[in-house]
Amino acid sequence: MNQLTQQVLDGHTRAIARAISYVENNHPEKENLIDSLYAHGGNAVVWGLTGPPGSGKSSLLNLILRKERDKGKKIAVVAVDPSSPFSGGAVLGDRLRMQKHAVDPGVFIRSMASRGHLGGVSGAAGDVIKILDAAGFDLIIIETIGVGQTEIDIVEMADIVLLVLVPGLGDEIQALKAGVMEIGDVFIVNKSDRDDAAKVRAEIEYVLHMKTPSELDVPNPVVMTSALENRGIDDLLVQIEQYLAAISQNGLLEQKRKQRIARELKIIISAKVRGRVYRQLKLDERIQNWADAAYNKEVKPYTFINRKLEDLFK
Ligand SMILES: Nc1nc2c(ncn2[C@@H]2O[C@H](COP(=O)(O)OP(=O)(O)OP(=O)(O)O)[C@@H](O)[C@H]2O)c(=O)[nH]1
Ligand SMILES: [Mg+2]
């Protein structure tokens with residue numbers, strides 16, 4: 001076993017950070033590293049935490065970290081940064097808010113860019129989860145900002161998805177209903193110190209009520225919290241534990257994990273097939289010539305590419 005693998009298994013913070021940068025930079029040793037860690041994982045529970053910007057995810061996380069640390073758990077947090085430069089401030093704010101956890105060796109906090117990963121950010125997130133899992137973290141929390149497709153892809157890597165909603169979203173909750181409500185397992189109405197929190201709760205419950213039940217359905221808890229006033233956090237943690245216990249008992253957790261692995265394998269295949277095909281076609285060298293030919297109407301895009309691929313796979 002190589003040294004880095006051993007150090008990650010021993011839980012060395014700097015080795016873990018290095019291993020994660022292997023994933024981010026697509027280091028030549030990345031595949032060996034992940035594969036050598038793989039057998040040592042499977043013990044961590046993975047939470048996804050998502051919700052609209054400013055809904056209080058980081059504030060809640062801060063309180064959650066404190067309580068779960070008190071139970072003796074080792075916790076890793078992966079914050080997936082938005083690609084937009086405008087959100088730089090928020091991310092910096094997160095770092096500051098979590099600073100007191102930064103000196104705690106039982107807490108590992110890392111942010112990850114959501115762009116620039118071969119095979120996409122969910123593939124990279126999957127590898128990061130494997131590293132942290134093998135390194136002995138009991139709880140891995142993936143925080144994403146926003147509720148777009150990227151965030152959905154990422155939180156789907158989790159065993160349980162916590163969706164944070166807040167009063168004052170107005171029509172947004174209507175829009176959220178369509179796709180995003182389906183990804184939530186536990187619904188958090190944060191900022192319940194505000195007036196219309198009960199209304200939000202009622203709306204969520206209404207939407208949940210209309211959900212077509214699946215075979216392994218477990219009721220989705222809706223929990224009121226106020227990170228500002230430090231209220232509802234204990235109840236939230238109890239609901240999370242109960243939900244996890246229920247899905248691990250009825251087989252849903254196993255099903256989710258297998259689906260996660262199936263997604264990961266597909267991601268690996270897509271990235272590899274694409275890489276091989278590009279290399280075989282010498283795409284980088286030739287693409288501009290092909291584009292020139294298409295520009296001059298000498299070739300038709302579909303006919304041309306179909307022919308190239310047929311030649312390749314003959
Ligand atoms: N009134 C009230 N304000 C809150 C509560 N929780 C968080 N806030 C405030 O809401 C703002 C955003 O909180 P964050 O924890 O940064 O929210 P976030 O979801 O992490 O935000 P992004 O990372 O930018 O998506 C801050 O000013 C918090 O102080 C709450 O329960 N009640
Ligand atoms: Mg945040």
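Taking Glu285 as the residue in question, decide whether it is in a helix (DSSP H, G or I), outside the structural domain of Val155 (by TED's automatic domain parsing), among the acidic types (Asp, Glu) and surrounded by 13 or more Cβ atoms within 10 Å (Cβ to Cβ).
The answer is no for Glu285.
If Glu215 passes every condition in (1) modelled with pLDDT under 95; (2) acidic (Asp, Glu); (3) surrounded by 13 or more Cβ atoms within 10 Å (Cβ to Cβ); (4) farther than 26 Å from Ala125 by Cα but one, which one does it miss?
(3)
Report whether or not Glu203 is part of a helix (DSSP H, G or I), modelled with pLDDT under 95 and in the same structural domain as Leu49 (by TED's automatic domain parsing).
Yes.
What are the pairs with Cβ atoms under 9 angstrom where one residue, in segment 205-229, is in contact (Cβ under 8 Å) with a residue 60 or more places away in the chain and under 18 Å from Leu165 (Cα atoms) and the other, located anywhere, is assigned to a helix (DSSP H, G or I) and of a type in the set (Asp, Glu)? Sequence gap at least six, or different chains.
Thr225/Asp235
Assigned to a helix (DSSP H, G or I) and under 28 Å from the mean Cα position of the chain (by Cα): does that describe Leu312?
Taking the combined requirement at face value, the residue does not satisfy it.
Which condition number in (1) closer than 18 Å to Leu63 by Cβ; (2) part of a loop (DSSP other than H, G, I, E, B) is the one that Glu215 fails?
(1)
Looking at Leu265, is it within 21 Å of Thr144 (Cβ to Cβ) and not in a loop (DSSP other than H, G, I, E, B)?
Answer is no for this residue.
So which residues in segment 68-84 are within 16 Å of ligand 1 (Cβ to nearest atom) and either more than 19 Å from Glu156 (Cα to Cα) or aromatic (Phe, Trp, Tyr) (or both), if there are any at all?
Within segment 68-84, Ser83, Ser84 meet the criteria.
Among the numbered criteria (1) closer than 14 Å to Ala124 by Cα; (2) modelled with pLDDT under 95, which one does Glu31 miss?
With respect to (1) closer than 14 Å to Ala124 by Cα; (2) modelled with pLDDT under 95, Glu31 is out only on (2).
Quick one: which residue in Val121, Val128 is at pLDDT 85 or above and part of a helix (DSSP H, G or I)?
Result: Val128 is the single residue among Val121, Val128 that is at pLDDT 85 or above and part of a helix (DSSP H, G or I).
Quickly run through segment 34-55 and pick out the residues that are crowded, with 21+ Cβ neighbours inside 10 Å and either without any contact (Cβ under 8 Å) to a residue 12 or more places away in the chain or within 13 Å of ligand 1 (Cβ to nearest atom) (or both).
Leu49, Thr50, Gly51, Ser55
The values are calculated or read from the model by the stated rules, or taken from the named source; none is laboratory data. The shown structure was predicted, so the numbers you read here are calculated from the model rather than taken from an experiment. With ideal geometry, Cβ positions are generated from the backbone for all residues, glycine too; neighbour counts draw on all protein chains shown.
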